[in-house]
Amino acid sequence: MHRSPALFTLAAAFVVMALPAAERITATAPTLVAKSGAREGPSWNPFTGTLHFVSGNNVNQMKPGSAVKPFRTDAPGANGSMVDPQGRVVVCEAGGRRVTRTEKDGSLTILAETFDGHKFNSPNDLSIDSKGRIYFTDPRYGKTDTMEMRDATGQLVEGVYRIDAPGKVSRILSHELERPNGILVSPDERHLYIADNRNDRPGGARKLYRFDLRADGTIAPNSRKLIFDWKTARGPDGFKMDRAGRLYVAAGLNKPSPFETIDEFKGGVYILSPEGQLLEFIPLPEDETTNCAFGDKDLKTLYMTSGDQLWSVRVKTPGRISATRLGK
């Protein structure tokens with residue numbers, strides 16, 4: 001683990017909005033916290049004062065100012081992680097094609113592994129509501145030859161699901177998105193935000209959408225609303241929300257890929273209003289920026305995973321975390 005006192009010196013080159021210091025949402029420039037072990041899925045555990053994040057088959061943990069340590073080493077293709085209100089760590093295992101929960105005694109509970117008798121594609125990211133229901137996305141990045149999820153007509157499905165209890169799973173979206181990625185239940189639980197990020201072809205979706213979420217955990221038909229469009233750049237990945245309702249979205253690239261440009265949107269975290277106005281940009285040097293999470297005791301540190309590195313930036317407004325569902 002490495003904590004650098006130096007701030008990211010290229011930050012000024014990528015500022016989207018030259019706001020006066022008093023008007024900025026961030027309080028500092030990005031700082032490198034750890035050089036490796038942070039590919040995806042950061043989540044803060046307020047019960048232990050620990051940050052979790054994933055890399056490869058590992059779920060790692062770190063107390064601020066301390067070394068990175070393993071939490072789990074048996075989570076194939078670990079991606080999104082979340083600490084629930086009981087202090088248990090829930091993980092989307094893309095390689096294992098399942099969603100699991102590590103209990104407080106260290107035992108493992110499989111929350112979702114199949115739907116209608118078929119294996120999931122690659123569970124990616126997750127969010128939780130006040131009833132304890134878990135919402136997760138199930139895209140497939142890479143080869144599709146092992147996909148099993150299909151609809152009644154036989155068409156492949158990259159869907160969104162809700163877990164009501166271990167093994168009790170419902171599909172809430174099937175074809176409304178091209179390739180769902182990051183996901184977030186709004187604080188009032190009236191909306192579900194979902195990143196739609198298809199980066200394997202020209203013209204694929206690179207958009208953040210909002211859906212109306214009903215009290216029973218289903219999506220209101222025809223309620224999709226576009227929040228932000230990254231156009232031809234790298235689309236949105238993971239994202240979080242602060243107590244002012246602003247969205248902090250990992251997106252963009254610093255080096256172009258075959259189907260993604262860098263002309264308009266560089267790599268980092270985009271801070272958006274609830275309705276999608278770009279307010280501020282947090283630049284990060286390593287590709288690709290995948291996710292973020294609020295942490296520390298005051299929830300005013302935004303931790304960001306980028307290029308297997310862990311970065312942090314101080315913000316002026318506390319964030320919301322699943323472990324304290326309403327951000328209290």
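With (1) in contact with a Leu (Cβ under 6 Å, 6 or more places away or on another chain); (2) over 20 Å from Leu213 (Cβ atoms) as the list, and Val99 as the residue in question, which single condition is left unmet?
(2)
Condition first: touching a Pro at 6+ places or on another chain (Cβ under 6 Å), among the aromatic types (Phe, Trp, Tyr) and under 14 Å from Gly96 (Cα atoms). Now tell me which residues in the stretch 111-151 satisfy that.
Matches in the stretch 111-151: none.
Working only within the stretch 224-238, note down all residues that are in contact (Cβ under 8 Å) with a residue 40 or more places away in the chain, farther than 20 Å from Ser312 by Cα and either crowded, with 23+ Cβ neighbours inside 10 Å or of a type in the set (A, V, I, L, M, F, W, C) (or both). Talk me through it step by step, then tell me what you get.
Let us first name the residues in the stretch 224-238 that are in contact (Cβ under 8 Å) with a residue 40 or more places away in the chain, namely 224, 226-228, 234-238.
Next cut, farther than 20 Å from Ser312 by Cα only: 224, 226-228, 234-235.
Matches in the stretch 224-238: Leu226, Ile227, Phe228, Arg234, Gly235.
Could you list all residues from the stretch 86-106 that are under 13 Å from Ala75 (Cα atoms) and not basic (Lys, Arg)?
Val89, Val90, Val91, Cys92, Glu93, Ala94, Gly95, Gly96, Val99, Thr100, Thr102
Among (1) over 22 Å from Arg101 (Cβ atoms); (2) of a type outside the set (Gly, Ala, Ser); (3) crowded, with 20+ Cβ neighbours inside 10 Å, which single condition is Val169 missing?
Result: Val169 fails condition (1) only.
Which of the residues that make up the stretch 239-291 are surrounded by fewer than 19 Cβ atoms within 10 Å (Cβ to Cβ), at negative phi, touching a residue at least 60 places away in the same chain (Cβ under 8 Å) and of a type outside the set (A, V, I, L, M, F, W, C)?
Of everything in the stretch 239-291, just one residue is surrounded by fewer than 19 Cβ atoms within 10 Å (Cβ to Cβ), at negative phi, touching a residue at least 60 places away in the same chain (Cβ under 8 Å) and of a type outside the set (A, V, I, L, M, F, W, C), namely Arg243.
Of the residues in the stretch 120-141, how many are assigned to a loop (DSSP other than H, G, I, E, B) and within 19 Å of the chain's Cα centre (by Cα)?
13
Output the strands (runs of 3 or more DSSP E) that fall wholly within the stretch 76-119 and possess 1 or more residues being without any contact (Cβ under 8 Å) to a residue 40 or more places away in the chain and within 20 Å of Ala38 (Cα to Cα), or say none.
Details: elements: 78-83, 89-93, 98-102, 108-112.
Output list reads 78-83, 89-93, 98-102.
Among the residues of the stretch 314-328 satisfying the criterion of being aliphatic (A, V, I, L, M) and more than 17 Å from the chain's Cα centre (by Cα), which is surrounded by the fewest Cβ atoms within 10 Å (Cβ to Cβ)?
Only one residue tops the list, namely Leu326.
With respect to Leu208, is the statement that it is of a type outside the set (S, T, N, Q), farther than 25 Å from Gly132 by Cβ and assigned to a strand (DSSP E or B) true?
yes
From the list Thr144, Thr109, which one is of a type in the set (S, T, N, Q) and modelled with pLDDT under 95?
One residue alone meets the criteria, Thr144.
Tally time: how many residues in the stretch 189-223 are at positive phi and of a type in the set (Asp, Glu)?
So the answer is 1.
Report, by residue number, each residue of the stretch 232-244 that is in a loop (DSSP other than H, G, I, E, B) and under 14 Å from Ser257 (Cα atoms). Explain how you work it out, then say what you get.
Of the residues in the stretch 232-244, the ones in a loop (DSSP other than H, G, I, E, B) are 232, 234-238, 243-244.
Of everything in the stretch 232-244, those that are in a loop (DSSP other than H, G, I, E, B) and under 14 Å from Ser257 (Cα atoms) turn out to be Thr232, Arg234, Gly235.
State whether the residues of the stretch 166-182 include one that is part of a strand (DSSP E or B), more than 19 Å from Gly80 (Cβ to Cβ) and without any contact (Cβ under 8 Å) to a residue 12 or more places away in the chain. Don't jump to the end; show me each part of the working.
If we filter the stretch 166-182 for residues that are part of a strand (DSSP E or B), which is where we start, we get 168-173, 180-182.
Subsequent filtering for residues that are more than 19 Å from Gly80 (Cβ to Cβ) retains 168.
Right, trim to without any contact (Cβ under 8 Å) to a residue 12 or more places away in the chain and you get 168.
Scanning the stretch 166-182, I find at least one residue that is part of a strand (DSSP E or B), more than 19 Å from Gly80 (Cβ to Cβ) and without any contact (Cβ under 8 Å) to a residue 12 or more places away in the chain, so the answer is yes.
Quick one: which of Ala94, Ala67 is on the phi < 0 side of the Ramachandran plot, among the small types (Gly, Ala, Ser) and within 17 Å of the chain's Cα centre (by Cα)?
It is Ala94.
Return the pairs, sorted by first residue and then second, in which the second residue is acidic (Asp, Glu) and part of a loop (DSSP other than H, G, I, E, B), the first residue lies in the stretch 145-163 and is touching a residue at least 12 places away in the same chain (Cβ under 8 Å), the beta carbons are less than 6 Å apart, and the residues are 6+ apart or on different chains.
Listed by first residue and then by second, the contacts come to Val157/Asp151.
With the checklist (1) touching a residue at least 12 places away in the same chain (Cβ under 8 Å); (2) surrounded by fewer than 22 Cβ atoms within 10 Å (Cβ to Cβ); (3) over 14 Å from Ile128 (Cβ atoms) in hand, flag the one item Lys69 doesn't pass.
(1)
The values are calculated or read from the model by the stated rules, or taken from the named source; none is laboratory data. All values derive from a computational prediction rather than experimental measurement. Note that we place each Cβ from the backbone using ideal geometry, even for glycine, and neighbour counts take in every protein chain shown.
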